[in-house]
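Report on the following structure.
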Amino acid sequence: MRWVQEVVPISTPASTPPIAPHHTRVAEALGAEDPSVRLQAALAAGSDPHPGFLPTLVERCAAEPDFYVRDMLSWALTRLPPETVLPRLRRELGSERQQARSQAVHTLSKIGDSGTWSWIAPDMLRDTDDEVARTAWRAAVALVPESEQRCLADELVTHLGRGDREVRLSLSRALADLGDASEPALRQAAAHPDPAVAEHARATELLRQNPEASFEAALDEARRVVALGPGRAAASARPAPAGPARHAGESTAC
């Protein structure tokens, strides 16, 4: 697989401006025992952004147990100048701490700088930690250039059948969000000899065609098709809507 690796020159500021006393109180409150206090502190840090908050915000992202506080911390980071925050987030992608990697990827998707795409693909997509991988799949779909969508779909289908229901649902949503770009890869995966992969691929294609369908219903239909075989399944039920037609000469090379 070919991945386009973009060179993104980003320099780290030589120094960080000193924090005012009221900023210091906010930074200290980010480590309070009460999650509601931490939430308010993260809101304050984002409402009155200061580069001096950066180390504390990043560190709290890696350790914060509360989902809502973590999301507010990410929002606060998006309020800082990109040239300040992006180099620090890039370092967090290599952290040994699962939550540090996951939250860094999540924050990158919120910042939305397309130049950070190459930081995620392909290594973060293949992270052995399910939560990091799920976050990377979502972020990749948000950041991927249109020219790389087919290649991203080819990578994502290699994870079909992985993990529990939540992991599989995250992967299906990511592939469905790629739209027509994921159709060829899903069609090929639907013929995979591993039933778990074939079922997941067919269920994902059903969700791609009908985003309002439930994941459970799509899985049930996919299991029926895989168990009966496509020919017998088509004879026993009304076929699903056809996918978009392929155009002659359409390239699928990555």
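Each value in this text was obtained by applying a stated rule to the coordinates, not by laboratory testing. For clarity, every value in this text was computed on a predicted model and none was experimentally measured. Here the Cβ is made from the backbone with ideal geometry for all residues, glycine too, and neighbour counts use every protein chain on show.
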Using the Cα gyration tensor of the range 93-155, with a ≥ b ≥ c the square roots of its eigenvalues, what is the shape: rounded (a/c below 1.5), prolate (a/b larger than b/c) or oblate (neither)?
-> oblate
Around V85: net Lys/Arg minus Asp/Glu count, Cβ-Cβ under 12 Å = +2
Hey, any idea what Rg/Rh is for the range 28-131, computing Rh the Kirkwood way over Cα pairs?
-> 0.96
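Dipole of the range 36-143, Cα-centred, from +1 at each Lys and Arg C-beta and -1 at each Asp and Glu C-beta, to the nearest 20 debye? Let's see the in-between values first.
On the way: 13 positive and 14 negative charges, 24 e Å.
Around 120 debye, computed over the range 36-143.
What does the convex hull of the alpha-carbon atoms of the range 149-242 project to on average, in nm²? Intermediate results must be reported in sequence, preceding the final value.
Details: hull surface 21.5 nm².
Convex hull of Cα atoms, orientation-averaged projection: 5.4 nm².
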So, in Å, what gap is there between the alpha-carbon centers of the range 114-186 and the range 81-107?
-> 18
